[in-house]
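Read the structure below first, then the notes.
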Amino acid sequence: MADFQTAAPAARGSKPRVKKSAFRLDMTPMVDLAFLLLTFFMLTTTFARQNAMDLTMPAGKGPATPLKQSKALTLILGKDSQVHYFFGLNDAETKPTLRTTTFSSAGLRQILLDRQQQQPAPFVLIKAGPDAKYRDLVDVLDEMNITDQQQYALVDFTPADQQLLDYRPQVRH
């Protein structure tokens, strides 16, 4: 482990000298212990588990369920993490007013909470535009879970929605 080396004794008749000792420390046992501890903690730790959100999808294509204009809130995911939304449905009869917001807590979350207060049990339609990213869809689903939305659906993006996006008079929220 550790050694003390002493100098040879001085010759007779000379003045006694102070012994100089050299200290040498063997680090091998300490390195072995460090690797044993590292191995022990790596093997006994539990890694973070992924959190998954339950998403119930319908079994197949069935008859369309009618939806009232007054209960609907439509979200269209656009480019640059923008969320375009309007109240109601995008029919040939009505031209909805398109508004734009972001995923911030004062943006989409506040809109969803306000809509829940105005209209009990709203139905949210989520449409991913052509420029939307997968992360945007995950963020919207997280917001649905955070705001405790009971009824929402992932719906196909239609040409009527594209026309609505191309028509530019949008209201910023």
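Nothing in this text is a laboratory measurement; each read-out follows from the coordinates by a stated rule. All values reported here derive from a predicted model rather than from experimental measurement. Neighbour counts are summed over all protein chains in view; Cβ atoms, including those assigned to glycine, are modelled from backbone coordinates with ideal geometry.
Structural remarks
- Relative contact order (percent, whole number), segment 69-172, Cα cutoff 8 Å, 6+ residue spacing: 32
- Listed by chain and number, the lysines placed with their C-alpha closer than 23 angstrom to that of K127 are K61, K68, K71, K79, K95; residues fewer than eight positions away on the same chain are left out.
- Counting neighbouring beta carbons within 10 Å and listing from fewest to most, the residues V155, V18 come out as V18, V155.
- Two-site FRET efficiency, L113 against R49, from Cβ-Cβ distance with R₀ of 41 Å, rounded to 0.05: 0.90
- Rg to Rh, two decimals, where segment 69-172 supplies the alpha carbon set and Rh follows Kirkwood: 0.92
- FRET efficiency, 1/(1 + (r/R0)^6) with R0 25 Å, evaluated for T65 and Q162 via beta carbons: 0.55
- Gain upon complete extension [R24, E93; 0.36 nm per residue less C-alpha separation]: 15.7 nm
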